[in-house]
Structures are given as C-alpha cells and as structure tokens.
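Everything below concerns the one structure shown next.
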C-alpha cells in the first residue's frame with residue numbers, strides 16, 4: 001500500500017461523468033493518495049463552494065488551465081508549474097502568484113471533456129490560472145491516447161503541481177507509485193484504457 005501524502009494545498013478534481021468508468025483513470029488514485037483531496041463528478045456547479053461542498057474564497061484557489069504549455073521568454077525555465085494570466089501569458093512574479101494558495105482544481109477527462117467542464121463553469125475563469133509543463137511524456141505511453149503530445153494524466157499534472165506548491169520534490173514520486181503499479185498491471189494483463197463493465201458479476 002502506498003504512502004498517503006499530507007498535502008498542504010487542497011486538491012479538488014472535477015470529473016466529467018464519462019471519465020468515471022475509465023479502467024485507467026487516475027482520479028481515484030489521487031483521492032486515495034492525498035490526505036486533502038476531493039473528487040466530484042458532474043458537468044456544472046453553481047460556484048466554487050458548491051463544487052467543494054464547503055465555504056471557499058475564489059481568490060484563494062487556482063485551476064489547472066487548459067491553455068497552451070508552450071511557455072516562452074523569461075518564464076521558460078519556470079516549469080513544471082507556471083502561473084499565467086487570462087491570455088495564457090506567464091505572470092512576471094511567479095512567487096506572488098502562488099502565495100496564499102489554499103486549493104487547486106483539476107479537470108478530469110479527455111481533452112474534449114475537460115474543455116466542456118471549463119466552458120460550463122464560468123466561475124472557473126475567476127480563479128488563478130496555472131499551466132503544467134511536463135518534463136517528459138505521460139507514463140500512459142500507448143495505453144491511452146491523448147489529444148496532444150504534451151498531455152499527461154490528471155494524477156501526473158497534480159503531482160507536478162504539488163511538487164512546486166508544497167515545496168517537496170518527494171510528493172510527486174509518492175503519488176506516482178500507485179499509478180506506475182496500475183499501468184504495470186495493465187501492460188501485464190494486456191489491458192488498454194476502456195470503459196469498465198458496469199454489469200453485475202456473479
């Protein structure tokens with residue numbers, strides 16, 4: 001059993017309904033691997049507090065933005081987590097952009113599903129925006145197709161984010177342990193990403 005990470009920044013995963021039955025989905029692994037995490041399934045919520053199920057101030061929260069990860073200029077060396085403005089441009093003071101952050105939202109689903117969640121929830125645009133810049137391809141490899149070559153799983157994106165926000169490089173590896181195990185078993189069993197069979201088994 002992998003070690004639970006006592007994360008300082010709360011993680012809220014908004015999961016598209018069509019993603020919850022994916023065999024190789026990672027939201028469940030995140031919820032089980034983090035002390036402060038919540039996964040909610042749906043398409044839209046009235047506001048942050050509604051999605052979180054508790055009072056929350058939007059100014060204290062951020063969202064993993066779906067914009068381009070082609071960070072250029074002075075911010076290029078700021079990977080793996082870059083705070084950006086509404087136009088997707090890196091903010092000049094990255095430390096200030098992360099200061100006081102209490103929670104981070106990740107949109108869970110394939111590219112089209114994540115975009116649907118973004119557009120259906122206008123309140124997300126009021127949150128601080130961050131872009132994850134991976135240091136390599138997703139561990140999924142050929143097990144799951146991604147819309148973009150720089151796309152990674154929700155778990156990988158959150159792990160990279162917490163590595164920066166919690167200031168602990170070990171956080172990422174701790175979160176990746178169960179994910180690596182899931183993928184290893186899938187490869188061993190010849191399983192590719194698909195929908196789970198929801199029929200009752202005898």
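All of the numbers you see were taken from the coordinates with simple rules; none came from a lab. In this text the structure is predicted, and so the values were computed from the model without any measurement.
The table for this structure:
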item: Alpha-carbon centroid distance for the pair region 156-170 / region 2-49, whole angstrom; result: 15 Å
item: Segment residue 189-residue 4, extension gain: residue separation times 0.36 nm, minus the distance between their alpha carbons; result: 63.9 nm
item: Prolate/oblate/rounded label for region 5-68 (Cα gyration tensor, a/c 1.5); result: oblate
item: Potential lengthening between residue 102 and residue 169 on full extension [0.36 nm per residue; Cα-Cα distance subtracted]; result: 22.2 nm
